[in-house]
Amino acid sequence: MSVDLKIVLCQMTSVDDVARNLLQIRKLMDEIPLESGVRLFCFPENCLYMRVREGEVVPGFQLDDPVFKDLAKLAVSRRAFLHLGSVPLALNGSMYNSSVLISDEGNFETSYQKIHLFDIQLAGQKPIRESDVFGHGSTPGTFLVDGWKIAQTICYDLRFSEIYLHYAREGVDAILVPSAFLVKTGEAHWEVLLRARAIESQCYILAAAQAGHHSSTKGDGGRDTFGNSMIVEPWGAVADRLSADHVQTSVCILRRDKIEQARKQIPMADHRRFLPK
């Protein structure tokens, strides 16, 4: 079991063009030297395809799509895991906003389907209905990298503490929160929610985000996302925070002793009394 784990958060400005997004992924990975020892690259929600215009028909990927095979070759060449925060994936006749995990041996699988879908109405803005495109997932998901147990959520899941309590009770070491937060909600809620989840789960929170202005490649239209990708430590300190509008990376070494120290000083797992049925 690895004492420390080196990871990379990759902040993107994805568009509605798979080839352009794949090129952006390659460029971000190329920033990290081969000999760096990175074991996990974390990409944001919508990393391969960003629905720029509301109501747009989203093309669904299949797991046998060549793009995953191309990324699998990258994972093998880097001897690292790739976590694609979310892609529109066709499964069993339905479309899901789904994470895809690619191992350092080039194996890939759908590892989590977003449970809480973003159906909201902000004052003075048009409604957003993610459920018009995707079905709800129903099952939490974890995976292992060098003995580190890593849990998965996607964006809007961040507002629902129940899934984080589930992961905390499983004793996970880190929770991924790939996201594409709106600017308005990001300014108000992003940091406070991420830090709260780290504190209550007593583990690392790894939030790779979409950032900046996303222009449509298919005509008029665009959208903006909040950026500010963040790594939060188990004690709640922000270890690193990226910009609001740039494509960039953050390299971080996750330390197991920080998890152990937080749990030893405040043994929440021993003190839980009220557990919802």
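Tabulated data for the structure shown
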| item | result |
| --- | --- |
| Bins of 10 Å, starting at 0 and running to the largest distance - Cα pair percent for segment 131-242 | 14, 43, 31, 11, 2 |
| Relative contact order, percent, segment 4-271 [alpha-carbon distance under 8 Å, six or more residues apart] | 21 percent |
| CD proxy at 222 nm, helix term only [per DSSP H run n ≥ 4: -39500 (n - 2.57); per residue of the chain; nearest 500] | -6500 deg cm²/dmol |
| For segment 95-209: relative contact order, % (alpha-carbon pairs under 8 angstrom, 6 or more apart) | 20 percent |
| Table column - 3J(HN,Hα) (Hz), segment 97-109, Karplus curve with 6.51, -1.76, 1.60, x for Gly and Pro | 7, 10, 6, 10, 9, 10, 7, 6, 9, x, 7, 9, 8 |
| Antiparallel DSSP beta bridges within the chain, as percent of all bridges there, nearest 5 | 70 percent |
| Eligible lysines near Lys218 by straight Cα distance, threshold 30 Å, same-chain separation 8 or greater | Lys27, Lys69, Lys73, Lys114, Lys126, Lys184 |
| Long-range amide H partners of Gly85 with built H, under 5 Å | Phe43, Cys47 |
| Neighbourhood net charge (11 Å Cβ-Cβ; Lys/Arg +1, Asp/Glu -1) for Leu34 | 0 |
| Net lengthening on full extension, Glu35/Arg159 (0.36 nm per residue, minus Cα-Cα) | 40.9 nm |
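Read-outs: derived from the displayed coordinates by stated rules, not from any lab. Being a predicted model, the structure only gives us computed values, none of them experimental. Neighbour counts are summed over all protein chains in view; Cβ atoms, including those assigned to glycine, are modelled from backbone coordinates with ideal geometry.
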